1. Does segment 39-61 include one or more residues that are surrounded by 14 or more Cβ atoms within 10 Å (Cβ to Cβ), in contact with a His (Cβ under 8 Å, 6 or more places away or on another chain), among the acidic types (Asp, Glu) and over 25 Å from Ile145 (Cα atoms)?
2. Name the one entry in Ala66, Ala87, Ala78, Ala74 that is crowded, with 19+ Cβ neighbours inside 10 Å and either in contact with a strand residue (DSSP E or B) (Cβ under 8 Å, 6 or more places away or on another chain) or under 28 Å from Gly155 (Cα atoms) (or both).
3. Can you tell me which residue among Thr113, Thr109 is within 15 Å of Leu63 (Cα to Cα) and among the polar types (S, T, N, Q)?
4. Please go through segment 272-291 and pick out each residue that is within 19 Å of Val237 (Cβ to Cβ) and either acidic (Asp, Glu) or in a loop (DSSP other than H, G, I, E, B) (or both).
5. So how many residues does segment 31-81 have that are touching a residue at least 60 places away in the same chain (Cβ under 8 Å) and of a type in the set (S, T, N, Q)?
6. Checking Pro206 against (1) open to solvent by less than 30 Å² (accessible area, probe 1.4 Å); (2) in contact with a strand residue (DSSP E or B) (Cβ under 6 Å, 6 or more places away or on another chain); (3) within 24 Å of Phe272 (Cβ to Cβ); (4) not charged (D, E, K, R), only one condition comes out false. Which one?
7. May I ask you to list pairs of residues, at least six apart or on different chains, whose Cβ atoms are under 7 Å apart, with the first in segment 156-175 being of a type in the set (Val, Ile, Thr) and the second being outside any helix (DSSP H, G or I) and surrounded by 16 or more Cβ atoms within 10 Å (Cβ to Cβ)?
8. Given the conditions (1) open to solvent by less than 80 Å² (accessible area, probe 1.4 Å); (2) over 28 Å from the mean Cα position of the chain (by Cα); (3) more than 25 Å from Thr169 (Cα to Cα), report the number of the one that Ser120 does not fulfil.
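The values are calculated or read from the model by the stated rules, or taken from the named source; none is laboratory data. Please read all numbers here as calculations on a predicted model, not as lab measurements. Positions of Cβ are backbone-derived with ideal geometry, glycine not excepted, and every protein chain shown enters the neighbour counts. Keep in mind that these areas ignore ligands, DNA and RNA; they rest on the heavy atoms of the full protein, side chains included. Shrake-Rupley method; radii C 1.70, N 1.55, O 1.52, S 1.80 Å.
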Amino acid sequence: MDSVTQAALGAVVGEAVAGRRIGNRALLLGAVAGTLPDLDVLATLFAGDVERFTGHRALTHSLVVAPFAAWLLAPLCARALPRIGLARRQWLHLLLGCLVTHIMVDLCTVYGTRIFYPLSDHPFALSNLFIIDPFYTLPLLAAIIWVLAVRRAPGTRRRATLAALALSTAYLVTGLALKVHAGQVFADALAERGVEHRGIKTMNTPFNIVLWRALAVTDDGYWQGWYSVLAPEAPPVLEKMPAHPERAALDALAAGHPELARLMDFSRGYYFYEDGDDGVDWIDLRMGAGSLYMFRFRVAERDGGDLLPASPVRRRPIRPPSIESVWAELYSRLPRAEH
């Protein structure tokens, strides 16, 4: 999730754990603790594009590591910040609550979070929450404002924080239920067309949990689908996208190029190739759509009719897409009921 959301979630958790004892300082401590896991980006600050893309959300986002990290940090914080007024045990509860909630919210996005690292390097993703969703974040921000406004009413403060956590969690659960429903709609639609696929990846579109997108990889390409729970009578929009004509050759390049192989593994098979100027780009299908894919890497260059492997380099748009262009891209694919 975005840093604002993680800081807001951490602040609310901090208030719920320690607000009664230390007041508004719990908001600040929680906000800081809630963003600690994302400091792993500093470890890849000077790394290559592939390492930055695939190296995020590992050690610092592990449910295996989080309890040990909180256990180690709690006595350090208690010793370094005695004036805060929290005992070691209370620091432990605050840190553990903020670290775990950060990890669990990131798990809800499509990017992938290695929650069992280092026991497993598999990136898990529930894909029921977009990386930025104001409907999830607003209750948390409202609770923070409310707490700051009623500083001397501990009972009211606690009720506000618990209500915000309940609302945001209910939003996550609702999104997960709608994702399961949308996935079944897509599966039925593909079955009606006789499409054989290797599995369906269903994810929500930017800033909402009502318009869903699905991907189904086949031997000759992939299918992309769109379904809105606000128009349940409308069949999902399905688009068949053929594979790149040189996909087999491009896939074979991965055998001799560790970075390309790492990209393919990270995408869990949801990728495709697209011709660019004098080369071929590899694109992660899960994050973006149409002309707005977020992660695009140049992986091969052309020398006459031959494909030559290239060290993957991320290709960023000259101008980042605006919110208006994102909405226009989504609206063009919105399922509509037939009259």
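1. Scanning segment 39-61 turns up at least one residue that is surrounded by 14 or more Cβ atoms within 10 Å (Cβ to Cβ), in contact with a His (Cβ under 8 Å, 6 or more places away or on another chain), among the acidic types (Asp, Glu) and over 25 Å from Ile145 (Cα atoms).
2. Details: Ala66 fails: either in contact with a strand residue (DSSP E or B) (Cβ under 8 Å, 6 or more places away or on another chain) or under 28 Å from Gly155 (Cα atoms) (or both); Ala87 fails: crowded, with 19+ Cβ neighbours inside 10 Å; Ala78 fails: crowded, with 19+ Cβ neighbours inside 10 Å.
Exactly one of Ala66, Ala87, Ala78, Ala74 is crowded, with 19+ Cβ neighbours inside 10 Å and either in contact with a strand residue (DSSP E or B) (Cβ under 8 Å, 6 or more places away or on another chain) or under 28 Å from Gly155 (Cα atoms) (or both), namely Ala74.
3. Numbers: Thr109 fails: within 15 Å of Leu63 (Cα to Cα).
On inspection, the qualifying residue turns out to be Thr113.
4. Answer for segment 272-291, where residues must be within 19 Å of Val237 (Cβ to Cβ) and either acidic (Asp, Glu) or in a loop (DSSP other than H, G, I, E, B) (or both): Leu285, Arg286, Gly288, Ala289, Gly290, Ser291.
5. The total comes to 2.
6. All conditions are met except number (2).
7. Sorted first by the residue in segment 156-175, then by its partner, the pairs are Thr174/Ile209.
8. Failed condition: (2).
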